[in-house]
1. For the stretch 26-51, how many residues meet the condition of being loosely packed, with under 12 Cβ neighbours inside 10 Å and not β-branched (V, I, T)?
2. Taking the stretch 52-73 as the region of interest, how many residues are surrounded by 10 or more Cβ atoms within 10 Å (Cβ to Cβ) and assigned to a helix (DSSP H, G or I)?
Amino acid sequence: MRYRIGSEATQSAAGTGDVVLATVWITLLIGVVFIFLGIRGRQLWLQFWGGLTVFSCGLYFFRGLLGLDRLLS
């Protein structure tokens, strides 16, 4: 099998940024749900992991403002 070089290869690679962004949004939602369920069920470990998840997603979204663009991209 040969690899094609040209416009087809560029078009398939262009969608990866959207997949990463969708993954971060879904992860943020899961983190918020973890925090909610941790508070409701009085589970400290679930609150901790939910908070860490939300913090990580926030770090990804604000990486440009924090000067971490090169490190996290």
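1. 5
2. The first filter runs over the stretch 52-73 and keeps only residues surrounded by 10 or more Cβ atoms within 10 Å (Cβ to Cβ), leaving 52-64, 66, 68-69, 72-73.
After this cut, where a residue has to be assigned to a helix (DSSP H, G or I) as well, the list is 52-61, 63-64, 66, 69, 72.
The qualifying residues number 15.
Coordinate-derived values only; no laboratory data. Nothing here was measured: the structure is a model prediction, and the numbers come from that model. In this analysis, Cβ positions are derived from the backbone assuming ideal geometry, glycine residues included, and neighbour counts consider all displayed protein chains.
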